[in-house]
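Heads up, the thing below is written out as structure tokens.
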Amino acid sequence: MGGHDAFAEQIARLGLHPRGKAGLVIYGLEPVEGARAGTVVDTAVAIDELARWPQVPPHWIHLPGDVTLARTNSRPSPRPGWMMHSRQIADWGRDAPGVAWASHVRGVLGEART
Amino acid sequence: MTRRTSVAMTGPTRDALCDLLLPADGQEDLCLALYRPSTGQRRTTALIRQPLAPHDGDRVVHSNVTVTAEYILRGAEAAHAEQCGLVLLHSHPGGRGWQAMSGPDRDTEASYANLVREITGLPLVGMTLAGRDRSWSARHWDRGVGPRVAATECTNVRVVDDRMTITWNDGFDPAPAANSRQNRTVNAWGEVVQADLVRRRVLVVGAGSVGLDVALRLAASGLMHITIMDFDLVEEHNLDRLVGATRRDVALRRSKVHVARREALRNATAAHPHIRISDLSICEPAGFLEALDHDVIFCCVDRPWPRAVLNGLAYTDLVPVIDGGIAIDTHADGTMRNSTWRSHIVRPGRPCMVCTRQLDMGQVALDVQGLLDDPHYIAGATRGRPVGQNVAPLSISVTAALLAQYVSFSVAPGGVGDPGPLQYVLSTHDLHHLDHTSTAGCLYEPADPDGDRRQDLTGDHRAAETARAKATAVPWRIKLRRKLDDLLTAMTQGRS
């Protein structure tokens, strides 16, 4: 099984409570570092970007506008008030896809300044 | 045009089937196996997944072996549960080469063909193993229904292992007689190998410096069926590496595949070479289907998306991909620090491009979205656009590395096939055997061939569409000059 259903199932198994909204899969993640450490932050991935999951990981990480990152190449997200940030995941294919993705996003959230 | 059919399997599957079909007592035997179809543009291949060993009483072995209806039913139900088709295999222990069907064999397969298709939704595939040289022959029972059910004979059966072994159906692809232009080639590996190599359908993906060289050298060695796939046009900055391309090709807005075909034909030694060209991308659905019609693929592209598609196809559809590339490292002042080139064969039993670190799947999404060509995105990215250094004196080394892999894989000099991933270091002139293995999380190498049930990595390809539009939207003056140039080329080639 692949695509956004597989993605949702895999991150649900990690207790991240995915839900679909306006072309995005939104879920909550708790970073261990940075300004948001210890609090659950909503984040999302575009369903379009999950068409080739798990072989091809998404590129853009969608975050609420009040989460600011130190260095970023960002664009407005389709979700009002949110931004999508360009972040390339490293070493894809070496770990279980859901775990690797959650770890990647947690790392990005660790960069949050606000 | 008649649709071609074939069968492919891995070496371990072949070995398991041989164990079942060639018992120590030398009697004929039979067994069942599951397959997934891999449907290309013009060819359907049955990809054998796993054997279903018979239980006691599933077949009656006397002078000839007979299968029971219970075994067929159990196999068809297992196939249906696994969304597979069913293969009925039997052996001719004293046989050698492609086997013709005897009347009783044909009657047996025909009698179950309708039932199996009814249960599985896929044609029964019949196979025969010749015991003396382990040659395979096969047919797909894919025509007609009821009493009119009929088989389409396969064109070949391919075994992908450390060496690629192909049994040819001479009725479809007769071995051509080697001609005087191929004497030195035939002297290198013999007539039998030459007859095998020249019949292979080879696809070269990418007609840049490496792809063009690969295509023309394959043509020179006598291959009869080569397809070259690329959507790009020849540009001024290609001329320092695209040997054979000229400023006239740039002026006439020639496609790279046009130039590659012209040069391949100029060098071809086959009596009737078929050099097909395609202006599709392997990332487009139609380009992918085209690829499935081939026995071997050369990957001569460096973009992550096409490489990801080819990497997957090698495992899901059992079409081995011979891959390689060059990296040139420069000092801060722009002078050369070092260069390395690598080559490897992507196939079951060997690590995939991701595991050998020749493909970063994290970059594929960028390529799919066209961001690697998006100046706005690149301006905001911290790492900038890849520089893409390459030089003609070294790109020929990549070509040589790929072709050496191909020869080892096809000819197995001294009995040694696929050598594994290799890296040549220019600064020290060392050749390294790279000790790569598949990682625990590998999504490709450990999987059974999925064929048409693979995860689809293809999609619309904006750059390919733009290039094709650019190639056709040329003023009538250029079109006229192209016609004259084609005429001149045809006359020159006719004289040579």
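Readers should treat all values here as calculations from the given coordinates under stated rules, not as data from a laboratory. None of the values given here were measured: they were computed from a predicted structure. Cβ: placed from backbone, ideal geometry, glycine included. Neighbour counts: every protein chain shown.
At a glance:
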read-out	value
Tensor-based shape of the protein assembly as shown (alpha-carbon gyration tensor, a/c under 1.5 rounded, otherwise prolate or oblate)	oblate
Dipole of chain B [Lys/Arg +1, Asp/Glu -1 at C-beta], most positive-end residue of B:GLY414, B:HIS429, B:GLY11	B:HIS429
Size descriptor, Kirkwood hydrodynamic radius, that averages inverse alpha-carbon separations across segment B:334-461, Å	17.6
Cα coordinate range in segment B:446-496, projected on the principal axes (Å, largest first)	52, 31, 14
Rule-of-thumb Rg ratio for segment B:1-144 [Cα; 2.2 N^0.38 Å; N residues]	0.97
Debye intensity ratio I(q)/I(0), log10, segment B:397-457, q values 0.13, 0.18, 0.23, 0.24 Å⁻¹ (C-alpha model)	-0.57, -0.90, -1.03, -1.04
Computed P(r) (all Cα pairs; segment B:423-479; 5 Å bins; percent)	4, 11, 9, 9, 9, 10, 13, 13, 11, 7, 4, 1
Overall Cα dimensions of segment B:209-298 - principal axes, largest extent first, Å	34, 32, 19
Calculated diffusion of segment B:128-171, Stokes-Einstein form, Kirkwood radius summed over Cα pairs, 20 °C and 1.002 mPa s, µm²/s	180
Orientation-averaged projected area, Cα convex hull of segment B:115-211 (nm²)	10.2
Equivalent ellipsoid, chain A (semi-axes from 5 times Cα gyration tensor eigenvalues, Å)	20, 15, 14
Average projection area in nm² (convex hull over Cα atoms of segment A:1-53, one quarter of hull surface)	3.9
Debye intensity ratio in log₁₀ form over the Cα atoms of segment B:182-247, taken at each q of 0.22, 0.23, 0.26, 0.28 Å⁻¹	-0.89, -0.93, -1.07, -1.17
Span from the segment B:411-468 Cα centroid across to the segment A:11-72 one, whole angstrom	31
Cα-centred dipole magnitude for chain B, charges only on beta-carbon of K, R (+1) and D, E (-1), debye, nearest 20	2160
Within chain B, helix-based [θ] at 222 nm, where runs of 4 or more DSSP H residues each add -39,500 (n - 2.57), nearest 500	-10000 deg cm²/dmol
Cubic angstrom per residue, convex hull over Cα atoms of chain B	177
Size of segment A:59-114 as Cα extents on the principal axes (Å, biggest first)	33, 23, 16
Calculated FRET value between B:ALA78 and B:HIS432, using beta carbons and R₀ = 41 Å, to 0.05	0.35
Those aspartates and glutamates that a straight Cα-Cα span of less than 16 Å connects to B:LYS483, excepting residues fewer than 8 apart in one chain	B:ASP249
222 nm mean residue ellipticity, helices alone, for chain A (DSSP H n ≥ 4; -39,500 (n - 2.57); rounded to 500)	-6000 deg cm²/dmol
Listed residues B:LEU124, B:THR108, B:ALA177: farthest to the positive end of the dipole of segment B:104-195 (Cβ charges)	B:ALA177
Reach of B:LYS256 by Cα under 16 Å, taken over lysines that are not fewer than 8 positions away in the same chain	B:LYS470
Cβ-based charge dipole, chain B, positive-most Cα from B:ILE396, B:VAL364, B:VAL87	B:ILE396
Exposure proxy order (Cβ contacts within 10 Å, fewest to most) of B:ARG262, B:ARG454	B:ARG454, B:ARG262
Computed Rg/Rh of segment B:317-378, alpha carbon atoms with Kirkwood Rh	1.08
DSSP bridge pairs, the protein assembly as shown: antiparallel proportion in percent, nearest 5	70
Antiparallel DSSP beta bridges within chain B, percent to nearest 5	60
